[in-house]
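Structure record follows, encoded as structure tokens.
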Amino acid sequence: MDHEKAAEEFFDNLLKKGAAEPIVDTKLDYPPWFDEQLYDRGRHSALKYAGLFFGFAFFGLQAAAGIETIAKIFICTKQSTTPKMAYKRYLLNAVHTSTWYKNKLRPNSEAWLSFEIIQNYHRRANKICSRHNAGFINQKDLAMTQFLLIGMFCLDGFVKKVDDKEFLDATMHCWRTFGHFLGIKDEFNMCAGTWDECKPRFQIAMDRIVKPVLENPGENNYQFLVKPMIEGLRPMNLFWTYDACLFINKWLAGCDNCQYFESDYKEGVEVKEKFSEYNKLGWYDKLYVSQLCWSVYLSYHFVFFRYILNFIAILANVFFFSLPLLGMWRYGYKWAYIKLNKPHGI
């Protein structure tokens, strides 16, 4: 069976069966397919692209806000609907993800503790949503969140510019493990297998679910949830705006008419008006989009620029997690500090 056909069957199963099945809530344990050497290779090699990865992950979370069933959970738990709550929720997501990469996956390690904490969050969220008839966290939603955290980085960004199959295979195993510890069954795990097996699944997820959300943001909860996120995370990024972020999301997803570089256009496809979506942006949004697109481009093509972006990411982490001065100025001392082992992060 070719990978494309297998991916179609996987995704049909995810949408039908996975949407009706809750996430696994069991004691954490290594899966039988776990390969520690491959896992550590994926964990360490991803840090080479830390500056790019964490930026892509935030844009992926923005796209997740437009998926109806995920948005219901966000709205019901009231953790993302105001700037103050969004600051805590999304910064806590970054703390957890960073912890997975920085620490070995051993019992009682920080990474292991992180997965235990997240499972507790999911239990609490499911209880709240059950009381309000807002559904539950199902296999499909968690698998789509998994895809959005890593998929935009690997699919329409990274793989177009860098041919590094060893990195991609290790990254898939790493995220397959993350998914398992978060409660995704293997039959619904988007990252189960090699990159060649996962890539067509990612493409289907992008085409069938993510692109329609981004192309029609007014018809779903994307705008309702993304605006508080952007405003709430202003201490992390003083310059982004809603229109600029929407364009970047569309650019990463490969939406129609959302190209920035000439090379973004597919060969043989006639285009009446090039760069039409970009030209609709105001001058400030264009400036922000340009610096971000060129940062991505230069980081893909030149190691020197990637090191610069990684260094900026390290400095940013200090000011986000260890010394959040802008967060303290805006939200107060207690709310600005996000701690892994505290209830709700504070």
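Ranked by the mean number of other Cβ atoms within 10 Å of their residues, highest first, the peptides 31-37, 274-280, 109-115, 187-193 fall in the order 187-193, 109-115, 274-280, 31-37. Model label points for A19 and E215, set 7 angstrom from Cα along the Cα-to-Cβ axis, are 1.9 nm apart. Counting only Cα atoms, the size of the stretch 1-104 along its three principal axes is 45, 36, 31 Å, in decreasing order. Net charge dipole, the stretch 149-234: roughly 240 debye, given to the nearest 20, about the Cα centre with Cβ charges of +1 for Lys and Arg and -1 for Asp and Glu. Here the Gaussian network model covers the chain, with springs between Cα atoms less than 10 Å apart; of L91, L315, L142, L315 fluctuates the most.
On the beta carbon distance between L323 and K274, with R0 = 30 Å, the FRET formula returns roughly 0.10. Directionally averaged projected area (the stretch 51-171, Cα convex hull): 8.4 nm².
Segment N103..T194, full-extension length gain: 30.4 nm, with 0.36 nm per residue of separation and the alpha-carbon distance subtracted.
Net charge within 9 Å of W33 by Cβ-Cβ distance, Lys/Arg positive one each and Asp/Glu negative one each, not counting W33 itself? Spelling it out: positives minus negatives among the neighbours equals -1.
Relative to the compact-globule estimate of 2.2 N^0.38 Å, the Cα radius of gyration of the stretch 1-60 comes out at 1.56. Kirkwood analysis of the Cα pair distances in the stretch 34-80 returns a hydrodynamic radius of 12.9 Å.
Segment Y265..Y300, full-extension length gain: 10.8 nm, with 0.36 nm per residue of separation and the alpha-carbon distance subtracted.
Values quoted throughout were computed directly from the atomic coordinates according to the rules given, and no laboratory measurement underlies them. Being a predicted model, the structure only gives us computed values, none of them experimental. Counting neighbours? That spans all protein chains shown, and the Cβs are built from the backbone with ideal geometry, glycine included.
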